[in-house]
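Q: Quick one: the structure is below, questions incoming.
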Amino acid sequence: MTTQPTPPSFAVVGHPNKGKSSIVSSLAMDDTIAISDTPGTTTHKRRFPLKVDGEVLYELYDTPGFQRARQALAWLKQHDVSADKRHEVVEAFIRAHQEDERFHDEIELLAPIMAGAGIIYVVDASKPYGEEYEAEMEILRWTGQPSMALINQIGESDYSAEWRRALGNYFQIVRSFDPMHLSLEQHLKVLESMAQLREEWTAQVKRSIALFESYHARLIERSATVITKLLYHALSHVERYVLGEDEVQASQKQALEMQYKGRLRRFEEESQQRIEQIWNHRNLKKEERELTFEGIDLFSEESASLFGLTRKEMLLTATGTGAATGAGIDLMLGGSSFMLGTGIGAIAGGIGALFAFDKLSQIRLLGQTLGSRYLEMGPMENRNFPYILLGRILYHTTRIATLSHAYRGEVDLVMDQRFKERWFDSDRRKRLERFHRLFASDKTVDEKTLSEYEALITEILKGLIDGEDKLSFSLT
Amino acid sequence: MELKSYLDLYALLKEDRSSASQRRAFGLEHKELQEDPAAQLEAWTQAHRQRLTPPLLSDKVDHLLYMATLLLAAIAFVVGLFSGVGLLSYSGKEPVNLVYFLSMVVFLPLVTMSMTLFAMMRANRTKNLLVHISPAFWMERIVTLVFKKEEEWDTFAFNPRVFNWLIIKRSQLLALAFSVGLLVALLGVVATRDIAFAWSTTLELSDTQFHTFLETIALPWKVWLPSAVPSLELVAQSHYFRLGGKLSETMVAHAALLGTWWKFLAMATLFYAVVLRSIFYLLASWGLKRALREALLTLEGATLLLRDMNEPLVSTRAQDEEPLFAQPRSDYARLVTQFDGHYDHIHGWSLSKAQLGVICDALGISASECKEVGGNNTLETDRKIVEKSSGDVLLLVKAWEPPTMDFVDHLLLLASKATKVTVAPIGTDAQGFTPSPKEVAVWVRKIAALDQSNVWIKQ
């Protein structure tokens, strides 16, 4: 029997309030981790395994910050041992203070390290370096575990040079990292650095890198599916308002318009929520503007059906049936009737349907009328609406896809008017127009056509999220 | 692929609460189906059908369609039977013109089958006139009318392609029932009565031409059942004209020969109306199955289900719940807004002596003794500094660094020795030593949590 190798693990440690949880949040793509400016928000270590079909590729630990680093270091220094024995002293410290509340946080953060986790030490380079960090770094050195430092830039001032000089004395690798603006590229760079910490971890972490790349591509594809469905449903949607026997009132037309607009807005909201779920943003606080229909004329039309067929369909059906019956008679007469049967049958069927349609539709059978009268709105006829809707959802998706999971503020999702320039040109309009016309027609759209549209949306999204049309957003 | 699977999957997807991990686990369990999405969906439906609350939509639709089909098929059979009996009605005075019967069992099926073929080719269209004129379409409409009372029917709409094939298949079934009725009528009439068949037409057809025509019709069975192919002699003997609309003496003389027509008529009915129609029925069944397989993929949520099944499940989240963090109180009464100017002692927490000097100058404060505490000091050094502290102590702290328990330990020790301790958060030199309100708030919350009567905080 073969045993699974222990997956690489990394403990994110540091001084309180230096963005450890933000870094874990962004690397683990988890927006549920509590992040606040109150020190001590993280009270227990938490394990974030990267699992693929249940197999752990690596794990991250979010830990509380050092609270009594000087006291812990003083305890360690009481045991004067050679460098190769220092990790045993740290283990002894953990054993000795297991029940000691004073060192709860130190024990929580040191435990995963002593169990084999690599160290990711986090500092904030927007604040000056201070001597008080040295006790923490010294303790970490005593553990003997591979380590790297991440310079997190929380504020605007830049003290990274002095931090780099100090950190260089304690850590194998020093990297800058901004969890609030984490792109896939940056994410992968951090993973590359983590892979370098220990040789035996390299293969596994490299696997994770490849996985993240394909995972990211899959998220884009899933978003494109949602967008495709939104456009198809919104453009092809027909809203009906069932009428009685009286004349159509203006209020009924207005009610239908409200219903129609409401339905399209709901389609958009549901799609936005699905996209947020795809990108693991389930706790988003957002500010956005409702879909408006300014400058878009919507027309309602009175219509009726009999047995589910419209007047036109019924006319064609009756004409066809009459013609077929007449043709049968012609055939029986061996053509000697000169196709008169077909002609007469078609005319009789057509006229019958034309005049009997209204009467028949009012007949009640089994408690229901055979037909119904209604006001109808849709499919969308306005040629610009698809681009307004598509622009909005593309903006939303791009924003969500590039939003850090560490961000806890309110996200401004109101579309920038210049956004259109990023993805829209005459070539794209030409390619999209074909699909939009089809969606807004009453023809059935097959899976193949939807897949083609989805491929086009994927291409646009890739450009906006990763490629040359890439956007950068400021988080305020 | 059955209609039931399609309807059950529709109902399952509508109410589905399965997690991504459950879906992926199912996908991995049925890896052999990965290349066949429809089979995957069918297997998933099979495995999860028990989750649906009875009565199932599929059972209701199935039952109604079955009942309606059975009823209409019975009607079609009876109509076929009576049409056959009517066409073959024989008074004994004049022969039965077999052209009528032949039209019904050969030409009518060929015409309707051509229309069916055309409808099959256009089955992908939403609006299909050939489907609309089918009796089966009207059957579905009536079923819908009955079923519309059910709430769920309002939200359910068949995929147009499935709907078209459903009608085409049922049309073939009805036509088949009608044809079987004709065949039964023919066999019944032949068995119970002695019929003299003849042929008559307004068209100018010679016996030879009509014989050639009949031989063409009989081509499919000519080789292996020659007795069911009328001979030229029989054709000639059976020809009668409208002006002599009764049995001629020649006909009476060859009465036994005239009766042999039935074999030809039976074979024509069997082949054109029954066998060919059965082939069309099988073709329609195959088309419906294909349409159902493809329609499965178009159901709302099916694509996502397939993706969840087939794509590796990536999880990055913590398995355990995060303990709730209680936000400390932010109100504190012992606040000072201005420095006193002079203190008995000034301590700088993690501030070097040089920094302390610069800050004191900048803030215009002084003390008898200024000491560096925390930072790189040993605990022993700090303890000694605290021992020597008394009276009014100003403890300067870096506002941007959050208060650690190391600081708290020091403060509590200091508070036990001094008369009054004022904690003053200081901003960076870039800030002109003025802290931001946000930074001060963090310190206020921490000091408030300690609630020491002689500890004050400078806002």
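The values are calculated or read from the model by the stated rules, or taken from the named source; none is laboratory data. Quick caveat: nothing in here was measured; it's all calculated off a predicted structure. Cβ coordinates were reconstructed from backbone atoms using ideal geometry, including for glycine residues, and neighbour counts include every protein chain displayed.
Q: Restricting the search to the stretch A:301-326, which residues are within 8 Å of another protein chain (Cβ to nearest Cβ) and without any contact (Cβ under 8 Å) to a residue 60 or more places away in the chain?
A: A:308, A:309, A:313, A:316, A:317, A:320, A:321, A:324
Q: Separate question: Which of the residues that make up the stretch B:432-457 are away from chain A (no Cβ under 12 Å) and over 19 Å from residue B:404 (Cβ atoms)?
A: B:432, B:433, B:434, B:453, B:454, B:456
Q: Another question, then. Being closer than 30 Å to residue A:465 by Cα and either more than 12 Å from every other protein chain (Cβ to nearest Cβ) or surrounded by 14 or more Cβ atoms within 10 Å (Cβ to Cβ) (or both) is the requirement here; does residue A:276 meet it? Spell out the reasoning first.
A: On the way: closer than 30 Å to residue A:465 by Cα: yes; either more than 12 Å from every other protein chain (Cβ to nearest Cβ) or surrounded by 14 or more Cβ atoms within 10 Å (Cβ to Cβ) (or both): yes.
Yes: the conditions hold for residue A:276.
Q: If a residue has to be more than 7 Å from chain B (Cβ to nearest Cβ) and in contact with a helix residue (DSSP H, G or I) (Cβ under 8 Å, 6 or more places away or on another chain) to count, how many in the stretch A:16-32 make the cut?
A: Going through the stretch A:16-32 one residue at a time, the tally reaches 7.
Q: Condition first: over 21 Å from residue A:380 (Cα atoms), modelled with pLDDT under 90 and surrounded by fewer than 20 Cβ atoms within 10 Å (Cβ to Cβ). Can you find one or more residues in the stretch A:236-244 that meet it? Walk me through how you get there before you give the answer.
A: Here is the first cut: in the stretch A:236-244, the ones over 21 Å from residue A:380 (Cα atoms) are A:243-244.
The next check asks that each one be modelled with pLDDT under 90; those that pass are A:243-244.
Next, from what is left, pick out any that are surrounded by fewer than 20 Cβ atoms within 10 Å (Cβ to Cβ): A:243-244.
Yes, the conditions are met somewhere in the stretch A:236-244.
Q: Please go through the stretch B:430-439 and give me each residue that is surrounded by 15 or more Cβ atoms within 10 Å (Cβ to Cβ) and of a type in the set (D, E, K, R), ordered by number.
A: Passing the criteria: only B:439.
Q: If you don't mind, another one. Which of (1) in contact (Cβ under 8 Å) with a residue 12 or more places away in the chain; (2) more than 26 Å from residue A:134 (Cβ to Cβ); (3) within 7 Å of chain B (Cβ to nearest Cβ) is the odd one out, the single condition residue A:51 does not satisfy?
A: Residue A:51 satisfies every listed condition except (1).
Q: Need at least 1 residues that are at pLDDT 85 or above and either outside the structural domain of residue B:265 (by TED's automatic domain parsing) or closer than 30 Å to residue A:439 by Cα (or both) per element, so show me which helices (runs of 4 or more DSSP H) inside the stretch B:96-153 make the cut, counting only ones lying wholly within it.
A: Numbers: elements: B:98-102, B:108-121, B:129-132, B:135-147.
Passing ranges, in order: B:108-121.
Q: Go through the stretch B:400-429 and report how many residues are closer than 21 Å to residue B:338 by Cα, within 14 Å of chain A (Cβ to nearest Cβ) and surrounded by fewer than 23 Cβ atoms within 10 Å (Cβ to Cβ).
A: Looking only at that region, the number is 3.
Q: Okay, moving on. Output the number of the condition that residue B:44 fails; it satisfies all remaining conditions of (1) at pLDDT 90 or above; (2) outside any helix (DSSP H, G or I); (3) not acidic (Asp, Glu).
A: All conditions are met except number (2).
Q: A follow-up question, please. Restricting attention to the stretch B:314-342, report how many residues are away from chain A (no Cβ under 11 Å), loosely packed, with under 13 Cβ neighbours inside 10 Å and modelled with pLDDT under 80.
A: Count: 3.
Q: Among the numbered conditions (1) crowded, with 23+ Cβ neighbours inside 10 Å; (2) in contact with a strand residue (DSSP E or B) (Cβ under 9 Å, 6 or more places away or on another chain); (3) of a type in the set (Asp, Glu), tell me where residue A:59 comes up short.
A: For residue A:59, the failing item is (1).
Q: Give me the pairs, please: first residue somewhere in the stretch B:33-62 and within 15 Å of residue B:3 (Cα to Cα), second residue anywhere and of a type outside the set (Asp, Glu) and not in a helix (DSSP H, G or I), beta-carbon distance under 6 Å, and either six or more positions apart or on two chains.
A: Partner pairs satisfying both residue conditions: B:43/B:30.
Q: Separate question: Applying the selection to the stretch B:352-365, what residues are charged (D, E, K, R) and either under 22 Å from residue A:138 (Cβ atoms) or within 14 Å of chain A (Cβ to nearest Cβ) (or both)?
A: Restricting attention to the stretch B:352-365, the residues satisfying the condition of being charged (D, E, K, R) are B:353, B:361.
Once the filter is applied, which keeps residues that are charged (D, E, K, R) and either under 22 Å from residue A:138 (Cβ atoms) or within 14 Å of chain A (Cβ to nearest Cβ) (or both), the stretch B:352-365 yields only B:353.
Q: Cβ-Cβ distance below 8 Å, separation of 6 or more or different chains: which pairs start in the stretch A:389-413 with a residue that is within 17 Å of residue A:269 (Cα to Cα) and end on one that is among the hydroxyl-bearing types (Ser, Thr, Tyr) and modelled with pLDDT of 90 or more?
A: Listed pairs, sorted by first residue: A:393/A:271; A:397/A:223; A:401/A:223; A:413/A:395.
Q: State all residues of the stretch A:136-154 that are surrounded by 23 or more Cβ atoms within 10 Å (Cβ to Cβ), within 11 Å of chain B (Cβ to nearest Cβ) and of a type outside the set (Asp, Glu); if no residue qualifies, say none.
A: none
Q: Return yes when residue B:368 is within 14 Å of another protein chain (Cβ to nearest Cβ), at pLDDT below 90 and more than 58 Å from the chain's Cα centre (by Cα) and no when it is not.
A: Details: within 14 Å of another protein chain (Cβ to nearest Cβ): no; at pLDDT below 90: yes; more than 58 Å from the chain's Cα centre (by Cα): yes.
The answer is no for residue B:368.
Q: Does at least one position in the stretch A:215-228 carry a residue that is among the aromatic types (Phe, Trp, Tyr) and over 30 Å from residue A:267 (Cβ atoms)? Quick ask: steps written out before the conclusion?
A: First, pick out the residues of the stretch A:215-228 that are among the aromatic types (Phe, Trp, Tyr): A:215.
Filter once more, so that each one left must be over 30 Å from residue A:267 (Cβ atoms): none.
No, that holds for no residue.
Q: Show me the helices (runs of 4 or more DSSP H) entirely contained within the stretch A:53-152 in which 3 or more residues are under 35 Å from the mean Cα position of the chain (by Cα). Explain how you work it out, then say what you get.
A: On the way: elements: A:69-77, A:86-96, A:104-114, A:133-143.
Those helices (runs of 4 or more DSSP H) span A:104-114.
Q: Exactly one of these conditions fails for residue A:273: (1) in a helix (DSSP H, G or I); (2) touching an Asp or Glu at 6+ places or on another chain (Cβ under 6 Å). Give me its number.
A: (2)
Q: Only one of A:260, A:232 is buried (at least 20 other Cβ atoms within 10 Å of the Cβ), more than 14 Å from every other protein chain (Cβ to nearest Cβ) and of a type in the set (Phe, Trp, Tyr). Can you tell me which? Reasoning before the result, please.
A: Working: A:232 fails: more than 14 Å from every other protein chain (Cβ to nearest Cβ).
That would be A:260, the only listed residue that is buried (at least 20 other Cβ atoms within 10 Å of the Cβ), more than 14 Å from every other protein chain (Cβ to nearest Cβ) and of a type in the set (Phe, Trp, Tyr).
Q: Then there is this: Being over 17 Å from the mean Cα position of the chain (by Cα), in a helix (DSSP H, G or I) and within 12 Å of chain B (Cβ to nearest Cβ): is that true of residue A:240 here? Give the derivation first.
A: Details: over 17 Å from the mean Cα position of the chain (by Cα): yes; in a helix (DSSP H, G or I): no; within 12 Å of chain B (Cβ to nearest Cβ): yes.
Against the criterion (over 17 Å from the mean Cα position of the chain (by Cα), in a helix (DSSP H, G or I) and within 12 Å of chain B (Cβ to nearest Cβ)), residue A:240 does not qualify.
Q: If I ask for residues that are within 14 Å of chain B (Cβ to nearest Cβ) and acidic (Asp, Glu), which ones from the stretch A:406-453 would you list?
A: Hits for the stretch A:406-453 are A:442, A:446, A:447.
Q: Next up: What are the residues in the stretch A:60-87 that are more than 10 Å from every other protein chain (Cβ to nearest Cβ) and more than 30 Å from residue B:373 (Cα to Cα), if any?
A: A:84, A:85
Q: Would you say residue B:346 is crowded, with 20+ Cβ neighbours inside 10 Å and out of contact with any helix residue (DSSP H, G or I) (no Cβ under 6 Å at 6 or more places or on another chain)?
A: Details: crowded, with 20+ Cβ neighbours inside 10 Å: yes; out of contact with any helix residue (DSSP H, G or I) (no Cβ under 6 Å at 6 or more places or on another chain): yes.
Taking the combined requirement at face value, the residue satisfies it.
Q: Looking at the stretch B:397-422, which of its residues are assigned to a strand (DSSP E or B), aliphatic (A, V, I, L, M) and out of contact with any helix residue (DSSP H, G or I) (no Cβ under 6 Å at 6 or more places or on another chain)?
A: Just the residues of the stretch B:397-422 that are assigned to a strand (DSSP E or B), to begin with: B:397-398, B:420-422.
Now restrict to residues that are aliphatic (A, V, I, L, M): B:397, B:421.
B:397, the sole residue that qualifies.
Q: For residue A:254, which of the numbered conditions (1) crowded, with 18+ Cβ neighbours inside 10 Å; (2) more than 16 Å from the chain's Cα centre (by Cα) fails to hold?
A: (1)
Q: Find the residue count for the stretch B:156-207, including only residues that are under 21 Å from residue B:236 (Cα atoms), within 14 Å of chain A (Cβ to nearest Cβ) and not aromatic (Phe, Trp, Tyr).
A: At the first step, the residues of the stretch B:156-207 found to be under 21 Å from residue B:236 (Cα atoms) are B:194-207.
Checking the rest, the ones that are also within 14 Å of chain A (Cβ to nearest Cβ) come to B:199-205.
Those still in the list that are not aromatic (Phe, Trp, Tyr) too: B:200-205.
Residues in the stretch B:156-207 being under 21 Å from residue B:236 (Cα atoms), within 14 Å of chain A (Cβ to nearest Cβ) and not aromatic (Phe, Trp, Tyr): 6 in total.
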